[in-house]
1. At a 1.4 Å probe radius, which order do L302, L39, L319 fall into by accessible area, largest first?
2. With a sphere of radius 14 Å drawn around the Cβ of R250, what net charge do the other residues whose Cβ falls strictly inside it have (Lys, Arg +1; Asp, Glu -1)?
3. Would segment 42-153 count as rounded, prolate or oblate if I go by the C-alpha gyration tensor, calling it rounded below 1.5 in a/c and otherwise prolate when a/b exceeds b/c, oblate otherwise?
4. Among residues other than Y170 whose Cβ falls under 12 Å from its Cβ, what is the net charge (Lys/Arg +1, Asp/Glu -1)?
5. If you stretched the chain out fully between V362 and A330, how much longer would it get, using 0.36 nm times the residue separation minus the C-alpha to C-alpha distance?
6. Treating the beta-carbon of each Lys and Arg as +1 and of each Asp and Glu as -1, no other charges, what is the dipole magnitude of the chain about its Cα centre, to the nearest 20 debye?
7. If the elastic network links every pair of Cα atoms under 10 Å, which of L354, L236, L92 fluctuates the most in the Gaussian network model of the chain?
8. Can you give the % of DSSP beta bridges in the chain that are antiparallel, to the nearest 5?
Amino acid sequence: MQAIAPHPLSGPLNLTVVLATYNERENLAPMLAQLKALLGQRYRLELIVVDDDSPDGTADLVRALARQDPRIHLIRRVGRNGLSSAIREGLLAATGEVAVVMDADGQHQPEAVEQAVQELLRSEADLVIGSRFQAGAVIEGLSLERQRGSSQANRLARSTLPAYGQLSDYMSGFFALRPDQCAKAIRAVDVSGFKFLYELLAVSNGQLQVKEIPLHFQPRQSGSSKLDNAVVWDWLVSVLHTACFRVVPRRAVSFGLVGLSGMVVHFAIYGLLRSQGVAFLTTQTVAVIIAASSNYLINNSLTFRAKRLQGFALSAGLLKFLLVSSLGMAANVGISTVVFSSLQGGPIALVALLAGILVDFVWKYAASSRFVWNVPY
């Protein structure tokens, strides 16, 4: 492997490696040791571990290692969590002229750091991505099902990021960048998004010079994957958010998707009860309450999971949400009626219906954000 020339003004390059962790105690010590052995003699190395208060003692381990080696730094986060926000905090704290983000679970080879840094300096790019799907890449750590899912996700991501249509892996967790050139985009990243890299590309509006290198993706060394239904949901919301030119708040996109699922629940309950001969008013009332309750529980688990309500607060929140929903439905009927009566000719009924739905949605989203989950909208 070709050596990198020393930094022309200040000797060896200042290099920061950011590792976001949650329950990675078993994997982290070997990873840090390999990084120091491979990179410590060539660079002024800074290793930043951003830990989301892992219950397995990851932060305690990092603190002990940092006492022995001043190149290791710990950012322990209490009361806030999420991979994208952890990466952003690590990058904003980085002092290196080049920063590399990688997983701490052993799926990214430490040797890839050197390759990414070389490509960044050689090409004068702003960002170099380690791709699992570029020619020459090796994938050992994903099942065939996960590989197919990742390929489909990347195809959909490409359709929403035409400025970076040449790329092959928009969901990679491994990349190197120049923090100074990427600072504006890093600060603008929506940290509730699915993948930091995808969000970074989306907010940069095609202004970054991006290269890719093939990645050797390995099996996780220890512990379990963080992929779950919430992560898949975040991916869908992120893609739709970008497809809407990021004009609609990301949380509102999620809220709207949940609302669509509530319509399905409503129609299903309505059809079931009516087929059993239940009176219309009773059927409609039950369907409305069940659909609203379903929306509330899904929003609590996904849209507002950072402020997720539990215990008594969950029950109290449901009552508040039902109240908000009832007022929204009243506004829906009132606005649609006014619009219908004021318009003359044309598709009156459709316009009136859409006006009522829009008012209903805006009210429910804004009011429930503030009064149920106490977050800004």
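1. Sorted descending by solvent-accessible area, the residues read L319, L302, L39.
2. Computed value for this residue: +1.
3. Values: a/c = 1.95, a/b = 1.27, b/c = 1.53.
Oblate.
4. Every neighbour counted, the sum reads +1.
5. Working: separation 32, 0.36 × 32 = 11.52 nm, distance 1.31 nm.
Between V362 and A330, full extension yields 10.2 nm more.
6. So the magnitude is around 840 debye.
7. In the Gaussian network model the winner is L354.
8. 25
The values are calculated or read from the model by the stated rules, or taken from the named source; none is laboratory data. For clarity, every value in this text was computed on a predicted model and none was experimentally measured. Cβ sites come from the backbone with ideal geometry, for glycine too, and all protein chains shown count toward neighbours. We work out accessible area using only protein heavy atoms, side chains counted, and drop any ligands, DNA or RNA first. Shrake-Rupley method; radii C 1.70, N 1.55, O 1.52, S 1.80 Å.
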